[in-house]
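Below: one structure, written as structure tokens.
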Amino acid sequence: MGIQHTKTDSAALAIEVESLVDSPEPDGIYHDTRECAGALLALGLLLIAPPTPRPKKPSRS
Amino acid sequence: MAGNADALRSVIADAASGVALALRGGGGPDAVSGILHPDNPFAPAAVRVLGADVLAPYALGHPPPTAEAGDAQSVRMALAAYPPGADASEVSVWSYGGLAEAARRFLPADGALPPVPDADMAWTGTDPWQRLAHRVSQLAALAVPGLADGLAANLAPRVDDLSRGFVRAVRRRDWLQAAGVGRWLARLPDVPETLGLDTGLVFVGRLGAADPRVDLHVAAAQRFFGRGR
Amino acid sequence: MTAGAPEDSDGADLVDRVADGALGWLDARRDRFRLPADIAEPGVDVDRTLKPLGELAELAGLIASVHPRPELRARAEGLFAFAWAQTVDGGVFAELLRAEPHATYPVEIYGVFARAGLRHPDTDALVDALTRPLSWRVPRSDPTRSLGVLNAEDRTRGGASEAWQDDFAADYARTWLGLLPEPWALDRRAAYGLTHDVFHVTDWGRHRDRLPAEAAGYLRLWLPTWLDCWLDERSWDLAGELLAVAACVDVLDAAGSVDIAAAWRRLAAAQDADGGLPETGAEPRPADPAADFLACYHSTLVAAFAATLARTAPVPALVATEAAR
């Protein structure tokens, strides 16, 4: 890659610039807070709450 | 072209680090001037992407650069090389306008600077809050005292919506968006107390520290508007 | 009405369909709520037996007493009566309390029925004796849970004393809702705590005016963003609970209202044709009926509950924004 810009190079760079100036929103990354088993056990029965939480994968919208 | 894209991103990152450093008082704006020297073929493109932020340190009262300074030259080159086309997005027009406005304010007048384009502002009233926050974050460089006052006035009534966007961005771990919206919120009046903008900016700045642009937005919120400390 | 909106004349039809479908699903599976005969034996998992039954009773009881549509009330009444019958008209709680005299859950679940005037003399006598000691007043490790236990005490013993009110206020002050922390810090676990803070304070939506104004303002401001995130994550269970909370605080501002109507459409779209709503959209519903029940019962109950609350308070906001779209 040289210092000289070919026409294609500058056109591609202009597209790259535009995509950086107005970039789409990335997908959300959701992680659940993990709890130590001890903390979960200490709570005992969680009334009126969902069943035992299952491990979650990061989900994409 | 992947090589060019990587090289451009690297110049952007270096320049953003330089601006953040200058905003924190570490060295004057000259550091940025060195990074964005026109000898670097990616400097004008990087300036166009960072927009008004490349000149943000001058808003602290530093003397303006000479016309020959590296950043001054690169800004003029960027304005000439990357004007928004007929089909440019509103964000692109606004970001270009921010750079043009900053150039007129902080660079020596030499008659060669392009005018600030008229940009549509209807979206500030009509965008749903999610979209509004994302757009505003892309225009974070305009959150500088005295710059884009009209935009600031139009965003003020939507401070609750922008605050919701900040929460959404943090929950999505979109640190760049969160920092950008947070920087705008730092400028706006009547941010909801319960948002916790100050602790939020610190939180985002720490978790998003890998991206110098995140750090830059947090530094701007701190230095210009006294938030996030 | 623009493209993409449901073909309802108003939002009430949409939420009623959700409630109707959900109650139908639950009714068709009521046998899965049956308690085993050896429920008081130490080896029996109460999380999969008493907890679902208690939740069925709490939410069906609410729906039966406040839903505007008589056929839905009747269905919920049937489920509530079924739950009471499963407890052998409250006798099971006496059995449980004799086996575990320091446990709070039997009192909490008995409280659901006691609130509706269903009593069992032995259980009443045990509750009276067991909730007297000072030890009962020690706050639970989780202040939200403390609020639930205090509510149960109020429901079973009645006549909230000054000490009771002090305890409630002190525990409330330590909850998420009492502290009103940064909304961007709310994670899943805290979100479940927050929704239950609201349910306990309002007695499951019956007394929405008991929510302090500050808390209501906080919820109005931040609910749209939480709903957006958990719907995006297809976390239907939590989204349903947040919609129930939204019904407790009239979401008046335009942007927020539109969000609530849109959120209802997304939740309704996630409900399967059989009326079941999986806890999460991340994986397909299990083929095994027992596993499917566990994966769906809570979110399905919550959907019916939220759809009921949405019909008994700020429906105008929902209807108005549906029409305005």
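No lab work stands behind these numbers, since they all come straight from the coordinates. Keep in mind the model is a prediction, meaning the values are calculated, not measured. Cβ atoms come from the backbone with ideal geometry, glycine included; neighbour counts cover every protein chain shown.
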Charge dipole of chain B built from unit charges on the beta carbon (Lys, Arg +1; Asp, Glu -1), centred at mean Cα; most positive-end Cα among B:V202, B:L162, B:H37 is B:V202
Per residue and in cubic angstrom, what volume does the convex hull of the Cα atoms of the protein assembly as shown have?
171 Å³
For C:R75, C:R119, ascending order of other Cβ atoms within 10 Å (fewest first) is C:R119, C:R75
Quick one: in chain B, what % of C-alpha pairs are over 28 Å apart?
25 percent
The residues C:I39, C:I63, B:I12, sorted from fewest to most surrounding Cβ atoms within 10 Å, come out as C:I39, B:I12, C:I63
Using unit Cβ charges (K, R positive; D, E negative) and no other charged atoms, how large, in debye to the nearest 20, is the dipole of region B:1-120 about its Cα centre?
200 debye
Fewest first, what order do C:H67, B:H217 take by the number of other Cβ atoms within 10 Å?
C:H67, B:H217
Return a whole-number percent for the relative contact order of region C:1-141, with Cα pairs under 8 Å and 6 or more residues apart as the contact set.
19 percent
Any idea what the relative contact order of chain B is, in percent, if you count C-alpha pairs under 8 Å spaced at least 6 apart?
19 percent
Per Stokes-Einstein, at 10 °C and 1.306 mPa s, what whole-number D in µm² s⁻¹ belongs to region C:29-169, with the Kirkwood radius over Cα pairs as the hydrodynamic radius?
102 µm²/s
Using θ = phi - 60° and Karplus 6.51 cos²θ - 1.76 cosθ + 1.60, couplings along region C:39-52 (whole Hz; Gly, Pro as x):
4, 7, 6, x, x, 7, 7, 5, 4, 9, 10, 6, 4, x
With an 8 Å Cα cut-off and a minimum separation of 6 or more residues, compute the relative contact order for region B:1-120 in percent.
25 percent
Tell me, how many Å apart are the Cα centres for region B:28-81 and for region C:18-49?
68 Å
Which order, highest average first, do C:203-214, C:79-90 follow once you tally other Cβ atoms within 10 Å for each residue and take the mean per peptide?
C:79-90, C:203-214
